[in-house]
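Let me begin by presenting the structure, written as structure tokens, before commenting on it.
The values are calculated or read from the model by the stated rules, or taken from the named source; none is laboratory data. This is a predicted model, so every value here is computed, not measured. Neighbour counts are summed over all protein chains in view; Cβ atoms, including those assigned to glycine, are modelled from backbone coordinates with ideal geometry. Keep in mind that these areas ignore ligands, DNA and RNA; they rest on the heavy atoms of the full protein, side chains included. Shrake-Rupley method; radii C 1.70, N 1.55, O 1.52, S 1.80 Å.
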Amino acid sequence: LAALVCAAMMVACGSEQQPTGKVTKGDPNKMDTLSYCVGANLGTGVRMQFAEFNLDVKSLKDGIVDGLLEKSSAEDAFNTLNTFFRETLQNRHTDFQALREHDSTAVFVPFADAEETAKISTALGVDIGSNMLKSPYDIQYYWLLEGLQNATDEDVKLSDEAIQEFMRNYHTVV
């Protein structure tokens, strides 16, 4: 659950703060560097924090949009994730440890099937998108998702240094 909270809060500025940014689709022909950088940072964090999970990136992206546009319940998403990480996943780890005692070649699989993978990926996306509404950023979700997709594919169009420099400058100016 800690990894979930870190990923979801990566771009959020805290639950006490009122939202100050706005969400728009964005123009695919006019790059929004801020949204791209936020998405790339988010995608890198998700890729690193959830490497063993093999998340469904399409479902994750759909969930982010649903969270940003408030089409899905943030509370329902949180409850889904909480149940999965605190109960389901813990039980699977326990079962896996017992299996490993008898079969050293066994491999841990966090999701039962593709349906569960999509469900948890979507819930994670909704949680992330909902938390992003608390950020001060004007987000263009087309470019946010482009950055996220590029980062999960390890094909980011800007260097890590350029992204970090842009974000530092943005925060200095704003």
Failed condition for His102, given (1) closer than 16 Å to Gly21 by Cβ; (2) open to solvent by 90 Å² or more (accessible area, probe 1.4 Å): (1)
Selection from the range 116-174 of residues that are touching a Gly at 6+ places or on another chain (Cβ under 8 Å) and of a type in the set (A, V, I, L, M): Ala123, Leu124, Val126, Ile128, Met132, Leu133, Ile139, Leu144, Leu145, Leu148, Ala151, Val156
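Filter the range 33-46 down to residues that are open to solvent by less than 40 Å² (accessible area, probe 1.4 Å) and of a type in the set (Val, Ile, Thr) and give me whichever is nearest to Val107 (Cα to Cα).
Val46
Given the criteria in a helix (DSSP H, G or I) and either at negative phi or exposed (fewer than 13 other Cβ atoms within 10 Å of the Cβ) (or both), does Lys30 qualify?
Values: in a helix (DSSP H, G or I): no; either at negative phi or exposed (fewer than 13 other Cβ atoms within 10 Å of the Cβ) (or both): yes.
No, not satisfied.
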Search result, residues across the range 118-165 that are of a type outside the set (Lys, Arg) and surrounded by fewer than 16 Cβ atoms within 10 Å (Cβ to Cβ): Pro136, Asp138, Asp153, Glu154, Asp155, Ser159, Asp160, Glu161, Ala162, Gln164, Glu165
Residue list for the range 47-72, filter: open to solvent by 50 Å² or more (accessible area, probe 1.4 Å), in a helix (DSSP H, G or I), among the acidic types (Asp, Glu) and in contact (Cβ under 8 Å) with a residue 60 or more places away in the chain: Asp62
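How many residues does the range 129-164 hold that are in a helix (DSSP H, G or I) and either hydrophobic (A, V, I, L, M, F, W, C) or under 17 Å from the mean Cα position of the chain (by Cα) (or both)?
At the first step, the residues of the range 129-164 found to be in a helix (DSSP H, G or I) are 129-132, 141-152, 160-164.
Still in the list and also either hydrophobic (A, V, I, L, M, F, W, C) or under 17 Å from the mean Cα position of the chain (by Cα) (or both): 129-132, 141-152, 162-163.
Final tally of qualifying residues: 18.
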